[in-house]
1. Can you tell me the FRET efficiency between LYS303 and GLU225 if r is taken as the Cβ-Cβ distance and R0 is 45 Å, rounded to the nearest 0.05?
2. Sum -39500 (n - 2.57) across every DSSP H segment of at least 4 residues in the chain, then divide by the residue count to get the 222 nm mean residue ellipticity, nearest 500.
3. Over the stretch 116-259, what is the relative contact order in percent, taking alpha-carbon pairs closer than 8 angstrom and at least six residues apart?
4. Which Cα, out of THR377, VAL339, ALA414, lies furthest along the positive dipole direction of the chain (beta carbon charges, K/R +1, D/E -1)?
5. Quickly rank 28-40, 56-68 as a protection proxy: mean count of other C-beta atoms within 10 Å, highest first.
6. What is the dipole size for the chain, taken about its Cα centre, with +1 at each Lys and Arg Cβ and -1 at each Asp and Glu Cβ, in debye to the nearest 20?
7. Just to confirm a number: summing +1 for Lys and Arg and -1 for Asp and Glu over residues other than GLU312 whose beta-carbon lies under 14 angstrom from that of GLU312, what do you get?
8. Tell me, what is the FRET efficiency for VAL74 and GLU126 to the nearest 0.05, using R0 = 41 angstrom and their Cβ-Cβ distance as r?
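What follows draws every value from the coordinates through simple rules; no lab data is involved. Treat the numbers as computed from the prediction; the structure is a model and nothing was measured. Neighbour counts are summed over all protein chains in view; Cβ atoms, including those assigned to glycine, are modelled from backbone coordinates with ideal geometry.
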Amino acid sequence: MGRKLLLDKAHIPGIRYYDTYRGNGGYAAAEKALKGMTPDQVLDEVKKSGLRGRGGAGFPTGMKWSFIAKPEGVPRYLVCNADESEPGTFKDRYLMEFIPHILIEGLIISSYTLGANTCYIYIRGEYAWIPEILEEAIADAKKNGWLGKNIQGSGFDLEIYVQRGAGAYICGEETALIESLEGKRGNPRIKPPFPAVKGLWQSPTVVNNVETLAAVVPILNIGGEEYAKIGIGKSTGTKLISACGNINKPGVYEIEMNISVEEFIYSEEYCGGIPNGKRLKACIPGGSSVPILPANLLFKTAKGDTRMMTYESLSDGGFATGTMMGSGGFIVLDEDQCVVKNTLTFARFYRHESCGQCSPCREGTGWMEKVLKNIETGKGKMSDIDLLWDIQRKIEGNTICPLGDAAAWPVAAAIRHFRDEFEWHITHPEEAQVRNFGLAHY
Ligand code: NAD
Ligand code: SF4
């Protein structure tokens, strides 16, 4: 049984409420930080832990925090990115819905470390029932002296506000989120300057994902060095994975980053295997933005090593034979799934969510959707496959924000690994409407 640091108390009835959370050791980490540590000492623990951003990019959290500019007389902000919109990803929702106080506690410690007296939780519009849960948790934390002025006599002041998004995927991109918080259209900004230097209202701002900020609580409880002992190499600690698709036990799992992909899919502790005796066809392990990997590349890396659930192992081999950890939105496809259709579904999503600021993304996402639709509906030509390849290449790396790459990578990976399935759709247009290609390329 893997160690649980975020979900260890999830089974306790009423853990959603302050008294139960506090009665089970909650707010001990905040107490430790505010009463006995300087902000630099907390930062040091976070650095020692090796914690990396859990939203998808995996950027070292301690390093990001140390980048925050500290000009005299200018406020600093902490923004919690709860705009979890990546298809296949629903781990932050679980934390906020069932253990909201671990997030609030993490926000208090992180704000204290950064010297931020105001913190915003920006939450996706579709999570319509969760702001109330968070607001209740914030009110209870305040009633018990964990928010407001002079928290627990530490001299530190903090207010946390919940801001509801309106349902745009792009507002999960940190600079679009900041624009939206400022009351403007959620258009990403060009970086640099990074938010750590010029963020919300041009002030130094750290934007971190929900899970990242919650993870600060166990880091302080057990110590950064102890946290870093879990996992492999630079993939330290535990990671929440939201598992979905063709598996027996979809849900949110906390894993130590030292188990294999095969164990995650087949063990009873996690996904419990593929239903109805079907065979595994492919997997998208990090949310829709990361490359799809066929089953024959999923369990072993190109070097022949066991593929592990770590940032490094999942991306081993680059995009030729690897993929990415991303946000931990783990999507499993069995032999009945059509890769062309799956790719079209993602392409439609990205075309719809593109903010339209840059032409490679605005035009390219629409173009990829049209070409994919032609192939999927039996109207494609062989040259369309090369056309698709060409379009995605012209998007990648040529846009303001990562949405362009996120739209391009799934198309590139689908062609790279399943080109024969695309060709079969084109050579068998009528058959492709009534049956799937299956596993014929293995
Ligand atoms: P990024 O690599 O551009 O940045 C990572 C973080 O590090 C940012 O906060 C950035 O400001 C900071 N940073 C990087 N270099 C810096 C520097 N020199 N100085 C100061 N700060 C610096 O990636 P990103 O745009 O934050 O995230 C992209 C990822 O988000 C994608 O890979 C995708 O997996 C993921 N994603 C997640 C969801 C979700 O719902 N969880 C949705 C869409 C995308
Ligand atoms: Fe907007 Fe797409 Fe450009 Fe991002 S890449 S700024 S979503 S047009």
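1. Given R0 = 45 Å and the Cβ-Cβ separation, E is 0.90.
2. After summing the helix terms and dividing by residue count, I get -12500 deg cm²/dmol.
3. In percent, rounded to a whole number, it is 14.
4. ALA414
5. Ranked from most to least packed, the peptides come out as 56-68, 28-40.
6. 520 debye
7. So the environment of GLU312 carries a net charge of +3.
8. 0.75
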